[in-house]
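Notes follow the structure.
The values are calculated or read from the model by the stated rules, or taken from the named source; none is laboratory data. Not measured: the values here are computed from a predicted model. Cβ placement follows ideal geometry from the backbone for every residue including glycine, while neighbour counts extend to all protein chains displayed. With ligands, DNA and RNA removed, areas are computed over all heavy atoms of the protein, side chains included. Shrake-Rupley method; radii C 1.70, N 1.55, O 1.52, S 1.80 Å.
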Amino acid sequence: MVTSTESQLLTSTTELRAQVELIVNSTLVMDVHTHLFAPEFNQFCLYGIDELLTYHYLTAETFRSARISYEDFWRMPKTDQADLVWQTLFVDNIPTSEAARGIITVLDVFGLDTRAANLKEARAFFASQNLREHIDQVFDIARVSGVVMTNDPLDEAEGQIWNSGVELDHRFRSSLRLDRLLNHWDRTPATVAEQRGFLVRWIERMQPVYMGVSLPASFKFPADDIRDRLLREVVLPVAKEHGLAVTLMVGVRRRVNPKLREAGDGVGKADVTAVERMCAEYPEVKFLATFLSRENQHELCVAARKFNNLMPFGCWWFLNNPSIVSEITRERLELLGTSFIPQHSDARVLEQLIYKWKHARKEIADALCDTYEQLLLSGRAVTADEISRDVTRMFSGNCNEWIGKSV
Ligand code: FIX
Ligand code: ZN
């Protein structure tokens, strides 16, 4: 009997590594949390070198080296801010940080000079792109099949676009962000009936793939506060009725330094038992959860072992550094097999998809190689088909199962 290459046992570690890298780099990924917008959202759809360089990860880093006041920086036009970021992090310093190296990866992919003295060439390149073709190209390079946007109907400008009956590019899926409802309840509709009505109206209009919220490190559940009431009386019943997953992003400390604006948020160790309790009390609701603190990652894995309605996802924000992605991915593989979503990009600017996925794939591939190699040493070889099945599950299968749709 002739066995096809895909079903042959990979008993040589060199061949095994080559196959894992090939499969991880070519398998399409569904990006479960981003801040990207479809082109139909006009000014919300960000792309190009000036947006890339003024990403809040990089502005925070710039203030550590450039001697400029916050006020002076924010007063500058975006192009001048981008020039200063480039000069500070890429010319006066070597771009060693993850976010800075990300820019290098993007420039390199497009054949642009990574040691340029200024942004002239990069600006001309991005300005010459046709947006729709550029989106196709970026999705293709990043091997991304779709992205979930973060949609806030209480944002006036965004709400207007939704209300205009916008038809979206099918690769951009919506998610209904509940931060204003759950974290700023003083500014949202008053009665429980009004709040439910508000959610249901927006679910019908947006067709979100989940409802999501970011929560402070101090988040407790149960708790004697309005958020607890809103969760129990509005969000969780609506999630159950509409079969919508709930995404919990826990551990952010907003505006630790308000002068840094969007870059001014920090991290805090949170209480994983809050998510455990929610999973226990609402077994019919599917939860996606990510924690911002490195210290919470092991507890999150243990919680997911106890509750099969809990899907850990991503290495969020300050965790999205190769050394930490590697550590967390390995911990998850050891505790959860392939029943987790290893990464999301959190991209705000289109081309970030390229570097965030390229860098993540490297760490995921390395972690998988070591895992299969250990299995081989223990006496179980794998085939390329099996590797492909694992990677597809982690890159899109788990996500599709949770959001109940094939994206
Ligand atoms: O709350 C969130 O979704 C965070 O990801 C963002 O608000 C944050 O600013 C970010 O971009 C992190 O990557
Ligand atoms: Zn985000």
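For the reader, a short list of remarks on this structure follows.
- Residue among 318, 340 that is more than 24 Å from residue 222 (Cβ to Cβ), open to solvent by 30 Å² or more (accessible area, probe 1.4 Å) and either among the aromatic types (Phe, Trp, Tyr) or without any contact (Cβ under 8 Å) to a residue 24 or more places away in the chain (or both): 318
- Figure legend. Inter-residue proximity from the stretch 378-397: first residues open to solvent by 70 Å² or more (accessible area, probe 1.4 Å), second residues part of a helix (DSSP H, G or I) and of a type outside the set (A, V, I, L, M, F, W, C), beta-carbon distance below 7 Å, spacing 6+ or different chains. Indicated pairs: 385/6; 385/7.
- Enumeration of residues in the stretch 148-162 that are in contact with a Pro (Cβ under 9 Å, 6 or more places away or on another chain) and more than 16 Å from ligand 1 (Cβ to nearest atom): 159, 162
- The residue of the stretch 173-200 that is nearest to residue 349 (Cα to Cα), among those that are within 16 Å of ligand 1 (Cβ to nearest atom) and among the hydrophobic types (A, V, I, L, M, F, W, C), is 176.
- Cβ separations smaller than 9 Å between residues 6+ apart or across chains give the following pairs from the stretch 194-205 residues that are closer than 11 Å to residue 238 by Cα to residues that are assigned to a helix (DSSP H, G or I) and open to solvent by 30 Å² or more (accessible area, probe 1.4 Å): 195/185; 195/233; 196/233; 199/242; 200/241; 200/242; 203/242.
Results for (1) without any contact (Cβ under 8 Å) to a residue 40 or more places away in the chain; (2) over 24 Å from residue 358 (Cα atoms), shown as yes or no for each residue.
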{"residue": "45", "(1), (2)": "no, no"}
{"residue": "50", "(1), (2)": "no, no"}
{"residue": "60", "(1), (2)": "no, no"}
{"residue": "65", "(1), (2)": "yes, yes"}
{"residue": "70", "(1), (2)": "no, yes"}
{"residue": "80", "(1), (2)": "yes, yes"}
{"residue": "84", "(1), (2)": "yes, yes"}
{"residue": "88", "(1), (2)": "yes, yes"}
{"residue": "92", "(1), (2)": "yes, yes"}
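- Residue within the stretch 248-256 that is open to solvent by 60 Å² or more (accessible area, probe 1.4 Å), closer than 26 Å to residue 346 by Cα, β-branched (Val, Ile, Thr) and in contact with a helix residue (DSSP H, G or I) (Cβ under 8 Å, 6 or more places away or on another chain) present: yes
- The lone exception for residue 345 - which of (1) in contact with a Lys or Arg (Cβ under 9 Å, 6 or more places away or on another chain); (2) away from ligand 2 (no atom under 16 Å from the Cβ) it fails: (2)
- Within the stretch 210-227, residues that are surrounded by 19 or more Cβ atoms within 10 Å (Cβ to Cβ) reach partners that are acidic (Asp, Glu) with beta carbons closer than 6 Å, at six or more positions or on different chains, in the pairs 213/179; 214/179.
- Options 60, 82, 18: the member that is surrounded by fewer than 20 Cβ atoms within 10 Å (Cβ to Cβ), of a type in the set (A, V, I, L, M), over 13 Å from residue 348 (Cα atoms) and more than 16 Å from ligand 2 (Cβ to nearest atom): 18
- The set of residues in the stretch 173-195 being open to solvent by less than 10 Å² (accessible area, probe 1.4 Å) and within 16 Å of ligand 2 (Cβ to nearest atom) consists of 174, 175, 176, 178, 182.
- Hits in the stretch 228-244 (condition: closer than 30 Å to residue 171 by Cβ and either within 16 Å of ligand 2 (Cβ to nearest atom) or open to solvent by 20 Å² or more (accessible area, probe 1.4 Å) (or both)): 240, 241, 242, 243
- Any chance residue 109 is at pLDDT below 95 and surrounded by fewer than 20 Cβ atoms within 10 Å (Cβ to Cβ): no
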